[in-house]
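The values are calculated or read from the model by the stated rules, or taken from the named source; none is laboratory data. All values derive from a computational prediction rather than experimental measurement. We place every Cβ from the backbone using ideal geometry, glycine too, and count neighbours over all the protein chains shown. These area figures cover heavy atoms from the full protein model, side chains too; ligands, DNA and RNA do not enter into them. Shrake-Rupley method; radii C 1.70, N 1.55, O 1.52, S 1.80 Å.
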Amino acid sequence: MITTSAKRIGALAIAATVLVAACGGSSSSPAAAATSAASAAAAAANGAAASGVAGPAACVDGSITTSGSTALQPLIDAAGKAYTAACPKSTISVQGGGSGTGLTQVLQGAVQIGDSDVTAESKLQASDASQLVDHVVTKQGWVVVANTGVTGVTSLTSQQLQDMWACPSGQSAPKITNWKDVGGPDLPIVLILRPASSGTRATFKQVVLNGQTECSGQALTEDSNGAVTTAVSQTPGSISVIGFAYYQANKDKVAAISLDGVAGSVANMASGTYKLAAQGHMYTKGQPTGLTKSFLDYLMSDPIQKTLIPSLFYAPIQ
Amino acid sequence: MARLDAPRRITLGAALVVIAAVVLLLGFIVWRGVQLFVVSGVPVTQILSPTWQPDPLSEGTTYGLLPFIAGTLAVMVVAAVVSTPLSVGLALFMAEVAPTWARRIAQPAMEVFVGIPSVVYGWLGLTILVPFLRVHFGWLGFATGFSWLAGSLVLALMILPTITSISYDAFVAVPADMRSASLALGTTRWQAIRHVVLPAAATGVATAIVFGLTRAAGEALAVQMVIGNAPVIPTSLARPVTTLTSQITLDMSDATGTWNEALWTMGLVLLLISLAFVLLIRWLGRGRSQA
Amino acid sequence: MNTPQGASTVTATRPTPTPLAIASLQPELTGLDPDAPVKLRAQDVSIRYGDRVAVRDVTLDVPEHSVMAFIGPSGCGKSTVLRCFDRMNDLIPGAAVEGRVELDGEDVYAPSVLPVEVRRKVGLVFQRPNPFPMSIYENVAFGPRRHGEQGKARLDDVVERSLRQAALWDEVKDDLRKKSGLSLSGGQQQRLCIARTLATDPEVILMDEPCSALDPIATLKIEELIGQLKVDYTIVIVTHNMQQAARVSDRTAFFTLGEDRAGYLVELDETLRIFTNPANQLTEDYVSGRFG
Amino acid sequence: MRRVLAADRLATAVLWAVAVFVILVLVAIIAYFVIESIPTFSLAFLFADPSLTEIGGIGPVLWNSVYMLVLTMLLTVPLGVLGGIYMAEYAGEGRLTNAIRFSQELISSVPSIVVGLFGFALFVAATGWGFTALGGALTLMVFNLPLLLRLSEQAIRTVPADERAASLALGATKWQTIRHAVLPVAIPGVVTGIVLTAGRVFGEAAALLFTAGLSTPTRYDFSNLNLLDPQSPWSPFRNATTLSVFIWKSNSEGLGNYVHEVANMSSMVLIVMVLAFNLGSRWLGGALQRHVSGL
């Protein structure tokens, strides 16, 4: 376990982190400060132009890294860019890696914020999860998408999806293996899964499959939203689940399928009628301070919740 | 031990770093790799199960590594089978047949081949090979293109320069005398290659192939991009399979707890596979030095 | 072709016919058969490596069932000339042969002639013993096998006969298949190489300093062997060792380097004559040890 | 006879065909990337910041590749060359030498993903550094050091024994001999070894996924020379996605629109860099050889 090893060398590690963070945070040699100030205006203009989003009310200097959910990544990345564009003396590195990465790494202190599609309690041992503080910053949704060659299927029910995805006990194949059984062309269904450890897969399993196990034996498994999108766009008869933002960026490459008659849209998600959605969590180890706190506060502020979040196809937290 | 002068001590220290790194690496991987059994109490025999059901939320959690081990070996062996004739043929060409001008092209070309990063091969496989297999060989069962064969072909290309350059060295090491002797007996060039050069270089070529296999077993990203990553025992070249390395890259970042420990166990298994190859290479080398 | 230089111009300093004619004048002295047909012939042969002329304008005849020795200082092109008889020069990039090389009156460089065919009739024994890294038996059987001989009994016969001819049979007969050719001593290895050549049933055996890597006793054995082999074969031997040339050969050709660093044939005569009363001053100087 | 000759001709033809095929594949790969890149490539791509939503650029990751290369080499070269000197000059045959050699062979066959896991556990988690260029460089060192040590050893071993004997006969000490007689002659070989090792840093991705990080900070301020400041592009204590990792990442995390173009152009840049490296090293090796032998 990573955690035990980390604990053992804990004291040393914390000392090192503090040292590095301290040096990093307080470092502003006169020369660097001058240059930074000079480029601040340009950078701010640049950033604002790029995101069209106002920066935070007050800047905090420093450097933080967030990692985790690739579904949340576009949002946090854009927010981070908007923040650092306005505050040139801060650095916010946004990494993907997956929800488990985010949770594990924030627990280890490797990053300051861990982004996750699922709660820490569902991923970590209770003793570890209790060290983390949850910040729900947004609501995110996923769209069931199929290859564009699958015509005539615009909506599927949860039951149909279960029959396509889940293995009846003792069976090695799902009940429905051909699109013609759900009103589509005579074409075998190719399931494309995310890794079993992914938050997207966990949410889909919980919300749509009622916890039934996927038939992974004959399915493809792809690493991330991006890889899934590529695979679905290429593979005839394929079906998978991707985040709203990834769908919006690839509308012409994959075909969206409504769930129980409800289209996957920000409005439907915000109103609560679209069920394939989950809260976006950002975890810190203990209460946040400094730039971490400032950034989390910024994420809850109007420019993000009212402007950026809808523009990137997430839903705001009321 | 005699007293060491300063330069000797310093250079020795540098060399010892290599041993230290190996000991540390072995220690770490072994330590983390056995956590699955020691801490989580999973029986060692369970890793030989064909069922990979690591999700703690599902019932019947089973950490069977057989699909990954079998997949790794399967992908690797087919890659070697595809790559060996090409690379040994190319090495023979460069060593025995090529006129000077052709050698001047082939040699730097091999170096460039070695230099192309594996992600580039993976990307090529994903954008060209996978669709190609699906479109043109769909009738053979390549429903998606992501397949055992796709992984093996990408790997075959990647290990080609490795096998080529090592077997080239083996061919060049065969004394020119041997070839002349054969030719002077009135054999054709091919007879000389077939009956003198190839047998004399056989252990060198075998070593080259094992080196290629080692590299194939360890490659992660390129394979993961084209193989489909289905945790099943490989049965058809046209179906998706998975390997130890690709499962590690897929799950390492997201898996926690016992699941995470199982991934480290996969790392340990990989390490044991490469250890076996190193011993095999040493054994081959010993055979050669005795001959 | 250029105007003839080398051999012809040099011998022209004495009003005598060609060297071969001299030999034929004294059959009773040498025991040579003046009517023996010519086995190998080089006529105005020049050999170049790229731009460099290695040997120029060599003309000589080797009669059947005799031994001819090539002697001369290092780099004079003896081996180069030797190797044009079995077209082994073809293997050197950039090597080009001009003039005419004949085996039994046929041009071995004619476009229709394959090197492989020439080499089956003309065997070559190398300076350093070079047995294959396989058993003694396989070494000897190598040539016949490649030439299509499959029958085990016949192969056994060929191996035994060749090893006997090479005077090696008694020393190796007990571990023909057990021992590697490389496990033999240097002299044995060289005799194995000779046996290997004999097994292909050649008509001519070329030997390129076959004893230079051997000790005196092994050398002696090889020399005895050459004496026995000339009954059935035509032999050309390149040697640095003048006593060896004197001991084993019937005729001797002396080569040297010209001003232009290209080798040429100075004189060819029966061996006794070359070592006792050579026609050319250069030859005299060389055989008497004054240069070379 | 005829069959034998036919077999010879056939075999020759097959070997030619194999060679032509392989070279054509290589040419096709390079041509593919060049052709695919031309429509979208601009010089700005080399310097601009990456973007999730538009084509962006690879400025920072290119810088990171170079930075990681230099950092890794700073760590690897002194140890590798000194270790090579030990193996070539001091080590006799013995258990220690055997252990070092076995370690070399073992590490060079350990999958890079396993080395990456090791680096993650040690340099990321245990040290508490998080994902840093330094952690990545140390990880790369772990599996480049044995290679460099081996190559330097070989280069030093090829120096003729006469050179050593001559120096020792003049009364020089062993170290003086190594320093002034052996090393100067071995330098071209050692440099070739260094370049070969360096080439692997460019291409490595799997070992860096879990060590140097996947994020690409933007807005590098090159006047910030504070090496401990994670904002400084010069600092080893910062995330450093290299070009190879970036290609993998853009496939898996890119938002979609320009993934193809970005990955193709990045691959082309990577291949061109590797090519340049190769040619450069040949040229450098040749020049050094002439320089040394001319002395």
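Summary table below
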{"item": "Hey, B:Asp169 surrounded by fewer than 23 Cβ atoms within 10 Å (Cβ to Cβ) and either at positive phi or modelled with pLDDT under 90 (or both) or not", "result": "no"}
{"item": "Residue match in region B:126-145 (condition: surrounded by fewer than 22 Cβ atoms within 10 Å (Cβ to Cβ), at positive phi and not acidic (Asp, Glu))", "result": "yes"}
{"item": "Filtered residues of region A:246-267 (kept if modelled with pLDDT under 90 and either more than 14 Å from every other protein chain (Cβ to nearest Cβ) or open to solvent by 10 Å² or more (accessible area, probe 1.4 Å) (or both))", "result": "A:Tyr247, A:Gln248, A:Ala249, A:Lys251, A:Asp252, A:Lys253, A:Gly264, A:Ser265, A:Val266, A:Ala267"}
{"item": "Yes/no for B:Ala102 being modelled with pLDDT under 90, out of contact with any Leu (no Cβ under 6 Å at 6 or more places or on another chain) and either more than 8 Å from chain D (Cβ to nearest Cβ) or farther than 23 Å from B:Pro234 by Cα (or both)", "result": "no"}
{"item": "Residue tally, condition at pLDDT 90 or above and among the charged types (D, E, K, R), over region D:40-98", "result": "0"}
{"item": "Total residues in region A:73-114, condition within 12 Å of chain B (Cβ to nearest Cβ), outside any helix (DSSP H, G or I) and touching a residue at least 60 places away in the same chain (Cβ under 8 Å)", "result": "3"}
{"item": "Extreme residue, farthest from D:Ile194 (Cα to Cα), among residues of region D:121-135 that are at pLDDT 85 or above and open to solvent by 10 Å² or more (accessible area, probe 1.4 Å)", "result": "D:Leu122"}
{"item": "Residue among D:Leu74, D:Leu106, D:Leu82, D:Leu96 that is part of a helix (DSSP H, G or I), facing another protein chain (nearest Cβ under 7 Å) and open to solvent by 30 Å² or more (accessible area, probe 1.4 Å)", "result": "D:Leu82"}
{"item": "Evaluation of A:Ala227 against (1) of a type in the set (Gly, Ala, Ser); (2) closer than 22 Å to A:Ala256 by Cβ; (3) in contact (Cβ under 8 Å) with a residue 12 or more places away in the chain; (4) open to solvent by less than 30 Å² (accessible area, probe 1.4 Å) (one fails), failing number", "result": "(3)"}
{"item": "Test: residue in region B:87-94 that is open to solvent by 10 Å² or more (accessible area, probe 1.4 Å), more than 30 Å from D:Gln176 (Cβ to Cβ), more than 7 Å from chain D (Cβ to nearest Cβ) and at pLDDT 90 or above", "result": "yes"}
{"item": "Within region D:6-19, considering residues that are exposed (fewer than 15 other Cβ atoms within 10 Å of the Cβ) and of a type outside the set (D, E, K, R), the one nearest to the other protein chains (Cβ to nearest Cβ)", "result": "D:Ala7"}
{"item": "Residues of region B:187-204 classified as open to solvent by 20 Å² or more (accessible area, probe 1.4 Å) and more than 7 Å from chain D (Cβ to nearest Cβ), total", "result": "7"}
{"item": "Single residue of D:Val110, D:Val66 found to be under 26 Å from B:Arg282 (Cβ atoms) and under 22 Å from the mean Cα position of the chain (by Cα)", "result": "D:Val110"}
{"item": "B:Val42 being part of a loop (DSSP other than H, G, I, E, B) and either open to solvent by 30 Å² or more (accessible area, probe 1.4 Å) or more than 14 Å from chain D (Cβ to nearest Cβ) (or both)", "result": "yes"}
{"item": "Residues being open to solvent by 10 Å² or more (accessible area, probe 1.4 Å) and over 24 Å from C:Thr276 (Cβ atoms) - total across region C:217-245", "result": "7"}
{"item": "All positions within region C:122-144 that are more than 8 Å from chain B (Cβ to nearest Cβ) and in a helix (DSSP H, G or I)", "result": "C:Ile136, C:Tyr137, C:Glu138, C:Asn139, C:Val140, C:Ala141, C:Pro144"}
{"item": "Subset of region A:139-194 [more than 14 Å from chain B (Cβ to nearest Cβ), of a type in the set (D, E, K, R) and open to solvent by less than 40 Å² (accessible area, probe 1.4 Å)]", "result": "A:Asp163"}
{"item": "Number of positions in region D:113-131 that are over 20 Å from the mean Cα position of the chain (by Cα), part of a helix (DSSP H, G or I) and without any contact (Cβ under 8 Å) to a residue 24 or more places away in the chain", "result": "4"}
{"item": "Qualifying strands (runs of 3 or more DSSP E) (wholly inside region C:201-292; at least 1 residues being of a type in the set (Gly, Ala, Ser))", "result": "C:251-257, C:263-270"}
{"item": "Test for B:Phe137: is it more than 7 Å from every other protein chain (Cβ to nearest Cβ) and farther than 22 Å from B:Leu271 by Cα", "result": "yes"}
{"item": "The lone exception for D:Leu214 - which of (1) more than 25 Å from A:Gly68 (Cα to Cα); (2) in contact with a helix residue (DSSP H, G or I) (Cβ under 6 Å, 6 or more places away or on another chain) it fails", "result": "(1)"}
{"item": "Region A:255-278 residues that are farther than 19 Å from A:Ala146 by Cβ, paired with ones that are among the polar types (S, T, N, Q) (beta carbon under 7 Å, 6 or more apart)", "result": "A:Ala277/A:Gln140; A:Ala278/A:Gln140; A:Ala278/A:Thr203"}
{"item": "Region A:199-220 - residue that is open to solvent by less than 10 Å² (accessible area, probe 1.4 Å) and without any contact (Cβ under 8 Å) to a residue 40 or more places away in the chain and, of those, nearest to the other protein chains (Cβ to nearest Cβ)", "result": "A:Leu220"}
{"item": "Some residue of region B:221-236 being free of Cβ contacts under 8 Å to residues at least 40 places away in the same chain and of a type in the set (Val, Ile, Thr)", "result": "yes"}
